[in-house]
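Bear in mind these aren't lab numbers, they're just calculated from the coordinates by the rules spelled out. Quick caveat: nothing in here was measured; it's all calculated off a predicted structure. Cβ sites come from the backbone with ideal geometry, for glycine too, and all protein chains shown count toward neighbours.
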Amino acid sequence: MTQQQTGLVGSTSAPERGPATDGPQRHDPSPVESRATARALAWAARRAGSWTAKKSIVVLYAVWTLTRLGMLHLLIQDSIGVSNVSDEANFLYPHWYQQLTDGSFPVNDVTWQYPPGAGLVFLFPALLPFLGYFQAFLVLTLATDAIVTLALARKGRGLAGAWLWTGGLPLLLNVPHGRFDIQVTALAVLALLSARRRPRLGGVFAALGAMVKVWPVLTLIGMERGRTSRQVWLSAAAAAGALLAVLALGFRHSLGFLQQQGARGVQIESLGGTVLSLMRASGMPIWIESRYGALEFNGMHVATVAQLSMMLTAAAFGWLMLWRGRATRWTTATPFDAALAAVLLFTVTSRVISPQYLVWLIGLAAVCLTSRHTTQRPVAFALLAAAAVTALAFPTYYLEVMDGSVLGNTLMVVRNGLLVGAALLSCRRLWKATTGASGTTDATGTEDVAVALPPARVDTQKE
């Protein structure tokens, strides 16, 4: 056997490979190249995300601009339904403005039912002396609307809340910009958004809102027990006291509004008013009177319904105090969720539910949606439906509501039913998320992990 044959048969070594040109050669990247590739991919992802976010913001602002132009057009034309939505900004507010410029709050005026801070809102149009009062009021209200949108859309908060505010407010047609509730809602929104990192500033905003209309004080109900809560409440008390002192020194009759509160009756759009309207439809001697700047019921069982409403309001306050005492878990969304639940409770139990109250609720729901921890997402959707029905009740078919027709009563039953359902759902989800030993309920209704936080601390995850 030859040597070559021996190598072919007996050798166990692998044959040599051909030259490198026989096939593609694999190249393993070095660590430096891997890091460079990762950085490039991360940069591309950031650029893509940034571009998408910028496009979303542009679309949001475009929709806001178009919807607000439409709302202002409807308000100026004022041809929907009862056609008197602009009367307050056209006639009543300028009348109060004249009295305030004379150094006095309205006296013996049954339509003046607001804390003295509201006087500043009616004086602000003087900042634009080159415009008439109505035009200046609209410009300032629109600017406040824009501030709310910008605050909700701030980086790190997502756009869900800003979209709810932008798309929800037009459901009320021409009502929001014809009232001063956007200004009050703006103060409540700023109070909630600033209280976490700057509690004293949050307290000041809440106090300013409460000095215009009382309800913004409820934005403080959900602050976690501890140092932050004390700072918020103390700053709110100090700011309210200081503003009240300044207004008392600068104007006469600063507390005159208190004289108009006790004798309020049951307004036709309230929950109790819906009950009375159905009773009137069944033949009971119940009628409508214009009192305190609103349409109220008079007649059989009206006093009883009014007393029941006040008892329900007291019960709502008691539930809020019970919740606050039992709550053991806070997230960044808890103050937001609690504020919405509280205002919903006081709205549905009130003797008065005006259409502009939905501005408050939409604003608070929008704040809730700025946090991924909120439990109130289904409540926000219910409020959008309630806002749409509210616009049908006022101003579109308000004469039907006044007459107590089948259509009018149906609209009120549906609208107030949605509000009651939203209030109960809001309270249930808030209670479940913050009390007991189980996980919190997230926006989708599934269980999430909950953490009992020590006093004076909140979830520090960036929103």
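Laid out as a table, the results:
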item: Region 67-448 shape via C-alpha gyration tensor axes, a/c threshold 1.5; result: rounded
item: Positive-pole candidate from S290, N84, Y133, dipole of region 67-448, charges at beta carbon; result: Y133
item: Region 67-448 - charge dipole about Cα centre, Lys and Arg +1 at Cβ, Asp and Glu -1, debye rounded to 20; result: 1620
item: Local electrostatic count, S270, Cβ distance below 15 Å [Lys/Arg +1, Asp/Glu -1]; result: +2
item: Simple spin-label estimate for A385 and D102 in nanometres, 7 Å along Cα-Cβ; result: 5.0
item: Which of D102, D87, D337, D403 has the fewest Cβ neighbours within 10 Å, and the rest in rising order; result: D102, D87, D403, D337
item: Cα-based equivalent ellipsoid of region 355-444: semi-axis lengths in Å, sorted from largest, via gyration tensor; result: 31, 13, 8
item: DSSP-defined beta bridges in region 67-448 - what % are antiparallel, rounded to 5; result: 90
item: Whole-number D in µm²/s for region 274-433 (Stokes-Einstein; Kirkwood sum over Cα pairs; 10 °C, 1.306 mPa s); result: 95
item: Global form of region 131-172, assessed from the alpha-carbon gyration tensor, a/c cut-off 1.5; result: oblate
item: Fewest-first ranking of L150, L220, using other Cβ atoms within 10 Å as the exposure measure; result: L150, L220
